[in-house]
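The values are calculated or read from the model by the stated rules, or taken from the named source; none is laboratory data. Only a predicted model underlies this, so the values are computations on that prediction, with no experimental measurement involved. Methodologically, a virtual Cβ is constructed for each residue, glycine included, from the backbone with ideal geometry; neighbour enumeration extends over all protein chains shown. We work out accessible area using only protein heavy atoms, side chains counted, and drop any ligands, DNA or RNA first. Shrake-Rupley method; radii C 1.70, N 1.55, O 1.52, S 1.80 Å.
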Amino acid sequence: MQIKNAEQLFIRLLSEVNNAERQITKALPKLAKATDNQQLSEAFQTHLEETRGQVERLEQVVDSVESLRLKRIKCYPMESLIEESQDLIDNIERGPLLDAALIGAVQKVEHFEIAAYGTLCALAGQLGYTDAKNLLAETLKEEESTDEKLSTLAKNDVNQKAG
Ligand SMILES: [Fe+2]
Ligand SMILES: [Fe+2]
């Protein structure tokens, strides 16, 4: 797909993140089941609910811009990140060490999303898509607070047990 302007780039990146959110929606329940740490499992479950809301919010973003249609694009970076998390589950015994690894894996996902939504917010602003920009900023905030929550969980609990 040729990209010649900011609008086409916006559609491309929005389609990519839409696919990424759908992939992570499928992966998060598996990650939540891979831990016996209740706080961590709850954090993954909570973010699963948030992620479902983010998928709906992306539909609102599409509806907020006239004649915008998403493309079918596979988000390969997200596929790789999810594969990596599955590889960790397969190769680390259940327990604090796997918990630490899972936190790291999900934080990579969140950092990817933070970068993606940051760019989308900037592009939406540039294109004058004010409603879309506000919706995307809401999701960006959720990704950032999930990342912070996981950092706190790692520092206060999981990493000490994993040591
Ligand atoms: Fe997300
Ligand atoms: Fe996320």
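Observations on the structure shown:
- Evaluation of ILE89 against (1) open to solvent by 70 Å² or more (accessible area, probe 1.4 Å); (2) away from ligand 1 (no atom under 16 Å from the Cβ); (3) farther than 16 Å from THR25 by Cα (one fails), failing number: (1)
- Looking only at segment 1-36, and only at residues there that are of a type in the set (Asp, Glu) and assigned to a helix (DSSP H, G or I), the one that is nearest to ligand 2 (Cβ to nearest atom): GLU21
- Residues (within 16 Å of ligand 1 (Cβ to nearest atom) and within 16 Å of SER41 (Cβ to Cβ)) located in segment 142-163: THR146, LYS149, LEU150
- Residue count for segment 81-117, restricted to those that are within 16 Å of ligand 2 (Cβ to nearest atom) and either in contact with a Ser or Thr (Cβ under 7 Å, 6 or more places away or on another chain) or not charged (D, E, K, R) (or both): 17
- Members of segment 37-52 found to be among the hydroxyl-bearing types (Ser, Thr, Tyr) and out of contact with any Ser or Thr (no Cβ under 6 Å at 6 or more places or on another chain), listed by number: THR46
- Filter result for ASP131 (surrounded by fewer than 16 Cβ atoms within 10 Å (Cβ to Cβ) and acidic (Asp, Glu)): yes
- Among the residues of this structure, ALA20 counts as one that is open to solvent by less than 90 Å² (accessible area, probe 1.4 Å), out of contact with any Leu (no Cβ under 7 Å at 6 or more places or on another chain), among the small types (Gly, Ala, Ser) and in contact (Cβ under 8 Å) with a residue 40 or more places away in the chain.
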